[in-house]
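The values are calculated or read from the model by the stated rules, or taken from the named source; none is laboratory data. None of these values were measured; they are calculated from a predicted model. We place every Cβ from the backbone using ideal geometry, glycine too, and count neighbours over all the protein chains shown.
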Amino acid sequence: MRVGELSRRSGVSVASIKYYLREGLLPSGERTGPNQAAYDDGHVRRLRMVRALIDVGGLSVAATRDVLAAVDDPQVPLHEALGRAQATTTPRHAENAEDDDEARAGAERALADLVARRGWEVSPQNPAWGTAVEVLATYTRLGDDDLAGQLELYAGAMEGVARREVAAVVDRGDRARTVEGAVVGTVLGDSLLAALRRLAQEHCSHELLGGRAGADAQD
């Protein structure tokens, strides 16, 4: 297909397609003339993934490029590729020298104890580890231990979700589609889990505290 049809099928403007080509987010089409190229269904799928990562997942162009590099590198073992894709999509939290070191140390111990109890094979180098530690430490500095008391509950729920997610993408068979599924599932899944949690919180608040639904209450 020509670039015009690629634009129509993917819902991405021709200008954006050309930009993604320049930025290396979209592989070049097969040359059919000096200024012409042919594209296929793989380009349509890639464009939809790019837009999902940028528009819905909120990734930058640079982060999206790094994610796609993990997807496209066939030399990397699948487990490592999944880890690289996840690491690229996980925000990194820099330590603040002014923060309470005791709070951070306690958060590190709490997380390490949780991981040991559940027998998780995870690395402290995973950026998600630093995120979890920073969140727990912040709660400690605020004098609030409610979140720490929910660690086991959160871990159990997320392990069940993660097991199903990983099994689902591995069952795809094709390596590229497996990594694509893991990447998109991680980025979009984060947004979906947060949205569902907020909806559930509204429901539980209504059950426990009464009152009208949030949308109605704003009328």
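Remarks
- Sole exception among (1) of a type in the set (Lys, Arg); (2) at pLDDT 80 or above; (3) under 19 Å from the mean Cα position of the chain (by Cα); (4) buried (at least 17 other Cβ atoms within 10 Å of the Cβ) for Arg45, by number: (4)
- Residue check, Val61 at pLDDT below 85 and either buried (at least 18 other Cβ atoms within 10 Å of the Cβ) or within 20 Å of Val14 (Cα to Cα) (or both): no
- Candidate set: segment 48-57, residues that are without any contact (Cβ under 8 Å) to a residue 60 or more places away in the chain and surrounded by fewer than 16 Cβ atoms within 10 Å (Cβ to Cβ); chosen: the one farthest from Glu180 (Cα to Cα): Asp55
- Every residue from segment 191-212 that is without any contact (Cβ under 8 Å) to a residue 40 or more places away in the chain and under 30 Å from Val71 (Cα atoms): Leu192, Leu193, Ala194, Ala195, Leu196, Arg197
- Filtered residue count, segment 94-106, keeping only those that are modelled with pLDDT of 75 or more and either of a type in the set (D, E, K, R) or under 23 Å from the mean Cα position of the chain (by Cα) (or both): 3
- Checking each residue of segment 78-93 against the condition of being over 19 Å from the mean Cα position of the chain (by Cα), surrounded by 14 or more Cβ atoms within 10 Å (Cβ to Cβ) and at pLDDT below 90 gives no match.
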